[in-house]
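Visitor: The structure follows.
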Amino acid sequence: ASFLLLCFRTSLVAPLILSLLLQPPLAQLSTITQPNIVLLMADDLGIGDVGCYGNDTIRTPNIDRLAKEGVKLTQHIAAAPLCTPSRAAFLTGRYPLRSGMDAINNYRVIFWNAGSGGLPPNETTFAKILQQQGYSTGLIGKWHQGVNCESHNDHCHHPLNHGFDYFYGMPFTLISDCQPTETPEMDRVFRSKLWLYTEMIGLITLTAALGRLTGLISVRWKTLACLAGFSLLFFVSWFSSYGFVRYWNCIMMRNHEVIEQPMVTDRTTSLILRESLSFIERNKHKPFLLFLSFLHSHTPLLTTEKFLGRSRHGLYGDNVEEMDWMVGQVLDAIDKEGLKNTTLIYFASDHGGWLERKEGKRQLGGWNGIYRGGKAMGGWEGGIRVPGIFRWPGVLPAGTVIDEPTSLMDIYPTVVHLAGGVLPQDRVIDGRDLMPLLQGKVEHSEHEFLFHYCGIHLHAVRWHQKDSGAIWKAHYVTPVFHPLGAGACYDRGFCPCFGEGVTHHDPPLLFDLSRDPSEAKPLSADTEPLFDTVIRKMGRAIEEHRRTLTPVPEQLSLYNVVWKPWLQPCCGTFPFCWCDKEGDN
């Protein structure tokens, strides 16, 4: 009887075991809770600069491997065309104007480490929620979301106040001023005007003094002294900030401590990579979030000697290929620690490539493929359509391509959901959880409308008409290119959001991106029967969207962006701020 009972039990268990063994890998691993999350974000990288998006001359084998082993998004959209607002949206899952991180003026990004604007302390980043869920959270590389509010050490905007346990990198952004051999980049036109005004005032003072000495001009010495004092005061007022950009902005921090002031650019790449690999090794036994925010491929294109001259696209191509190598080093570390199947990896750029960035005949900015426009252009695809790649072996189907509208803001609800967290209920979250789309459980993105801002100015709207497959896009404002038809604002260096440098369209320019992704042929009521219907639908969507907006403090107001010496991060006693603690070590 016992033998018969054993046979009966075996007959029940054997099929069960067989059915479990035959389950596809996706089903087995989809039950993983709290995966490690590695977010890789390039700076100013154009969608056309990557091999898996069509570039056949810049070599990006490691980024391409991510796409081959995971899911590639072909319509991945940044919420803004510049660093500060785009990254604010990425971190919060919200359009940047909801947090006051989009500009009302021409100062459209954080301009100084010693400015008072930045990501408000009451914003809840995905890092903060993952930290509450037990994750070790680290940010390595670029921040560009502000540092202090009222004193040099309140760190109200600092990464450690926004959910990151560990920070190593630049609180600001890489600029050409950080490289002594490069032409200054920051506020170049304004700085030239200040020099001109200083020289004019100095010349007037000198002429008056010579006239007084020779008796040609009747002027009191007291007046001359006041004029000379004004000249000196004017010069000091601006040169104390703009004359020392490298010391004030080009610094490296570890947590709250300034460790390089100014940064030693020759070793920055190796230190960022070292810190990233060290973070993975330290936290391999528990869930971790690593946000590796590359300084590549922003000017001045810091590139180590090993990669110089290797690409067919000059220094820019060398820089992109070095970043790809860094991606490979991170992937190898994940594999080496046995974390490949329990780690979600995401790669993107913060916005499109910078078309206008040139020095003579040298092109120092990226390429946006078939898409029109580039960095700083809030409406045209080239400024906001970016690479978007996810890899999670066993959970996401390899070699998948998804041509649905998605946003950098979608990372927020996606990683919060994976970590077992809950989205904030007291505010609007504009991002949508991507996991159902990435896993193939749904056919369409949850986004019906996406709103494309340039500063606080709405430039374009995208409508995904899911029943027909059309992707309608209406442009209400576009920049005026110079030279005419050139595709960029080469006379300014950046395309503006408002004023004389833009054109308002009524009716708006309408495109169907599913048929015309390059936005080359605008439709009209004569050529498109649905023209009026589509424009009316978008108009109602804009009205509904605007009803969800509430007034908030403007973080990029003129007061908030100006340099304030009492807010300056300093590794010594201000103004004697210089140190090299990495070199000392």
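The values are calculated or read from the model by the stated rules, or taken from the named source; none is laboratory data. Everything numeric here is computed off the predicted structure, so don't read it as measured data. Every residue, glycine among them, receives a Cβ derived from its backbone with ideal geometry; neighbour counts consider all protein chains shown. Surface areas here come from the heavy atoms of the whole protein model, side chains and all, with no ligands, DNA or RNA. Shrake-Rupley method; radii C 1.70, N 1.55, O 1.52, S 1.80 Å.
Visitor: Using just the alpha carbons, could you tell me how many Å³ per residue the convex hull of the stretch 134-259 encloses?
Guide: In the stretch 134-259, the Cα convex hull volume per residue is 133 Å³.
Visitor: Set the bar at 18 Å for Cα to Cα. Now go through LYS142/LYS193; LYS286/LYS336; LYS128/LYS441 and name every pair that lies beyond it.
Guide: Over 18 Å apart, Cα to Cα: LYS142/LYS193; LYS128/LYS441.
Visitor: Taking H as built 1.01 Å from N, whose amide H comes closer than 5 Å to the amide H of LYS358, not counting residues under 5 places away?
Guide: Under 5 Å from the amide H of LYS358: LEU364.
Visitor: Which value in nm describes the separation of the simple spin-label points at VAL562 and HIS505, placed 7 Å from the Cα toward the beta carbon?
Guide: 3.8 nm
Visitor: Classify the stretch 24-114 as rounded, prolate or oblate from the Cα gyration tensor: take a ≥ b ≥ c as the square roots of its eigenvalues, call it rounded if a/c is under 1.5, otherwise prolate when a/b beats b/c and oblate if not. Mind showing how you got there, number by number?
Guide: Details: a/c = 2.73, a/b = 1.48, b/c = 1.84.
It is oblate, given that a/c is not under 1.5 and a/b is not larger than b/c.
Visitor: As a test of reading the structure, rank ASP56, ASP350 by solvent-accessible area (1.4 Å probe, protein chains only), most first.
Guide: Listed by decreasing accessible area, they come as ASP56, ASP350.
Visitor: From a point 7 Å beyond the Cα of ILE370 in the direction of its Cβ, which residues of the stretch 382-396 have a backbone N at a distance under 14 Å?
Guide: 382
Visitor: Of the options LEU396, VAL534, SER557, report the single residue whose Cα projects farthest towards the positive end of the charge dipole of the chain (beta-carbon charges: Lys, Arg +1; Asp, Glu -1).
Guide: Towards the positive end, the residue furthest out is SER557.
Visitor: Relative contact order of the chain, please, whole-number percent, based on alpha carbon pairs below 8 angstrom and at least 6 residues apart.
Guide: Here the relative contact order equals 26 percent.
Visitor: Now, a different point. Roughly what would the spin-label model give for ARG254 and GLU543, points 7 Å off Cα along C-beta, in nm?
Guide: Placing both labels 7 Å along Cα→Cβ, they lie 5.8 nm apart.
Visitor: Also: To the nearest 20 Debye, how big is the dipole of the chain about its Cα centre, given +1 on the beta carbon of each Lys and Arg and -1 on that of each Asp and Glu?
Guide: 460 debye
Visitor: In deg cm²/dmol, rounded to 500, what helix-only [θ] at 222 nm does the chain give when every DSSP H run of at least 4 residues adds -39500 (n - 2.57) and the total is split over its residues?
Guide: After summing the helix terms and dividing by the residues of the chain, the value is -9500 deg cm²/dmol.
Visitor: May I pose another question? What size of dipole, in debye to the nearest 20, comes out for the stretch 502-585 about its Cα centre when the only charges are +1 on Lys and Arg C-beta atoms and -1 on Asp and Glu C-beta atoms?
Guide: On the way: 9 positive and 13 negative charges, 65 e Å.
Using Cβ point charges on Lys, Arg, Asp and Glu, the stretch 502-585 gives about 320 debye.
Visitor: I would also like to ask the following. Please report, as a whole percent, how much of the solvent-accessible surface of the stretch 100-181 comes from carbon and sulfur atoms (probe radius 1.4 Å). Each step should come with its number before you reach the end.
Guide: On the way: 970 of 2100 Å².
Carbon and sulfur atoms account for 46 percent of the accessible area of the stretch 100-181.
Visitor: Oh, and also: Placing one identical point scatterer on every Cα of the chain and ignoring solvent, what is log10 I(q)/I(0) from the Debye formula at q = 0.08, 0.10, 0.11 Å⁻¹?
Guide: Relative scattering, expressed as log10 I(q)/I(0), comes to -0.58, -0.86, -1.02.
Visitor: Using a probe radius of 1.4 Å on heavy atoms only, what accessible surface per residue do you get for the stretch 188-243? Whole Å² is fine.
Guide: It amounts to 71 Å² per residue over the stretch 188-243.
Visitor: Further question on the same structure: Quick one: if you stick a label point 7 Å off each Cα along the C-beta vector at LEU206 and ARG492, how many nm between them?
Guide: In this crude label model, LEU206 to ARG492 measures out at 3.6 nm.
Visitor: How long is the gain from ARG220 to HIS417 if the chain were fully straight, where each residue apart is worth 0.36 nm and the alpha carbon distance is subtracted?
Guide: The span from ARG220 to HIS417 would gain 63.5 nm if fully extended.
Visitor: Could you please state how large a percent of the accessible area of the stretch 441-585 is carbon and sulfur, counting protein chains only and using a 1.4 Å probe? Walk me through the numbers before you get to the answer.
Guide: Values: 4340 of 7850 Å².
Carbon plus sulfur share of accessible area: 55 percent.
Visitor: With the full set of protein chains in place, find how many percent of the accessible area of the stretch 188-243 is carbon and sulfur; take the probe as 1.4 Å.
Guide: C and S fraction of accessible area: 75 percent.
Visitor: Continuing with this model, one more query. Quick one: angle between helix 314-336 and the longest Cα principal axis of the chain, in degrees between 0 and 90, rounded to 10, please.
Guide: In the chain, helix 314-336 runs at an angle near 40 degrees to the longest axis.
Visitor: Keeping all protein chains in place, calculate the accessible area per residue for the stretch 367-519 (probe 1.4 angstrom), answer in Å². Walk me through the intermediate numbers first.
Guide: Numbers: 5610 Å² over 153 residues.
So the stretch 367-519 comes to 37 Å² accessible per residue, rounded to a whole number.
Visitor: Could I ask something else about it? Arrange the peptides 40-52, 114-126, 300-312 so that the one whose residues have, on average, the most other Cβ atoms within 10 Å appears first.
Guide: Working: 40-52: 25.5, 114-126: 22.8, 300-312: 16.0.
Top of the packing list down: 40-52, 114-126, 300-312.
Visitor: Let me ask something else about it. Rounded to the nearest 0.05, what FRET efficiency do THR304 and ASP526 have when you use their Cβ-Cβ distance and R0 = 56 Å?
Guide: 0.50
Visitor: Which percent of Cα-Cα pairs in the stretch 188-243 sits in each 5 Å bin, short to long?
Guide: For the stretch 188-243, the binned pair fractions read 4, 20, 25, 20, 13, 9, 7, 2, 0 percent.
Visitor: Show THR342, THR573 ordered by accessible area, largest first, where the area counts protein heavy atoms only and the probe is 1.4 Å. If you can, show how the numbers build up before the last one.
Guide: Details: THR342 50, THR573 100 Å².
I get THR573, THR342, largest accessible area first.
Visitor: Sort ARG59, ARG547 by accessible area with a 1.4 Å probe, largest first.
Guide: ARG547, ARG59
Visitor: On C-alpha positions alone, give me the angle between the axis of helix 2-21 and the longest principal axis of the chain, in degrees, nearest 10.
Guide: Tilt of helix 2-21: around 30 degrees.
Visitor: Per residue, how large is the accessible surface of the stretch 250-320? Use a 1.4 angstrom probe and give square angstrom. Could the numbers behind the result be given before it?
Guide: Working: 2610 Å² over 71 residues.
Using a 1.4 Å probe on heavy atoms only, each residue of the stretch 250-320 averages 37 Å².
Visitor: Still on this structure, please answer the following. Would you mind checking the tilt of helix 221-242 against the longest principal axis of the Cα atoms of the chain, expressed as 0 to 90 degrees and rounded to 10?
Guide: 10 degrees
Visitor: State whether the stretch 453-544 is rounded, prolate or oblate according to the following rule on the C-alpha gyration tensor (a ≥ b ≥ c being the square roots of its eigenvalues): a/c under 1.5 gives rounded; otherwise a/b larger than b/c gives prolate, and the remaining case gives oblate.
Guide: Values: a/c = 2.17, a/b = 1.63, b/c = 1.33.
Prolate, because a/c is 1.5 or more and a/b exceeds b/c.
Visitor: How large is Rg/Rh for the stretch 339-414, to two decimals, with Cα atoms and a Kirkwood Rh?
Guide: Radius of gyration over Kirkwood radius for the stretch 339-414 works out to 1.08.
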